[in-house]
1. Mind listing just one residue for me: the one in the stretch 69-87 that is assigned to a loop (DSSP other than H, G, I, E, B) and charged (D, E, K, R) and, of those, surrounded by the fewest Cβ atoms within 10 Å (Cβ to Cβ)?
2. Against the definition (at pLDDT 95 or above, surrounded by 20 or more Cβ atoms within 10 Å (Cβ to Cβ) and touching a Cys at 6+ places or on another chain (Cβ under 8 Å)), how does Tyr112 come out, yes or no?
3. Of Arg182, Arg138, which residue is more than 29 Å from Asp105 (Cα to Cα), modelled with pLDDT of 95 or more and either surrounded by fewer than 19 Cβ atoms within 10 Å (Cβ to Cβ) or among the hydroxyl-bearing types (Ser, Thr, Tyr) (or both)?
4. Could you tell me which residue of the stretch 24-58 is farthest from Gln173 (Cα to Cα), considering only residues that are assigned to a loop (DSSP other than H, G, I, E, B) and among the hydroxyl-bearing types (Ser, Thr, Tyr)?
5. Residues Gly124, Gly133, Gly128: which one is surrounded by 16 or more Cβ atoms within 10 Å (Cβ to Cβ), at pLDDT 95 or above and on the phi > 0 side of the Ramachandran plot?
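The values are calculated or read from the model by the stated rules, or taken from the named source; none is laboratory data. These figures come from a predicted structure and were not determined experimentally. Counting neighbours? That spans all protein chains shown, and the Cβs are built from the backbone with ideal geometry, glycine included.
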Amino acid sequence: MKKIVILLGLTAFVFVGQVVAAEKGFKSIFDSKTLDGWDGDPKFWSVEDGSITGKTTKENPTKGNTFIIWNGGKTGDFDLRLDYKIVGGNSGIQYRSFKLKNGADKWRVGGYQADIDSGPTFSGICYGEAFRGILSLRGKKTTLTLSDDGKLKKDEEEFSKDADVAKAIKKEQWNSYRIVARGYNLTQYINEVKTTQVIDRDKKTRRPDGLLALQLHAGPPMNVQFKNIRIKELPKRVRKSGGGKKKSKTEK
């Protein structure tokens, strides 16, 4: 019996060690108790059950999409991880975003969005909120460029079937979301399954950095929750120039 207990203890220690190692360099940006460090409309955002919670009802609808914005400043290259649960409606994680001057409220933002949906279609796609619309669908690696007439052009490569990605997403349960942004290469994962990838070569519109925010979508009553929110800043990739000096490298 003692040997079994010792072995179980060692196994648990090794597992915890692996988790800690995997999280090295990450910092938590939500304390699970308050909205300190976040700014959103208090009519819709609160902390419930240790989670940032966005909620609308028939009696308390939002006139337009509204957001809760992280006050930690702009994010550029990063690895963001969190858990989410949604019941009804639509939501998303805004990154490299910007405030809109003509929004329905002062918390309205636009930019890249890792989509979250209570239905079967949109969770995992990359959407451009007030920023070019759908950028990349599930199971697709999409390269964005501008055509000769200035219109957005999408070159898609399929790396997975949409249905296979959808199987990884648990309806009305907790799911993990991960976003990795390096240069203009943006990759999203749900429950460790790659959902979509964007290579943004639209030099006129693409964004190297910006705000981080969480969305509460206008429409029917809904409830969305976020917890275990942590982020790791990633160093700029470098390459050696002809003279041996290093210079920054981004996806072009």
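1. Lys74
2. Yes, satisfied.
3. Arg182
4. The selected residue is Thr34.
5. Among Gly124, Gly133, Gly128, only Gly124 is surrounded by 16 or more Cβ atoms within 10 Å (Cβ to Cβ), at pLDDT 95 or above and on the phi > 0 side of the Ramachandran plot.
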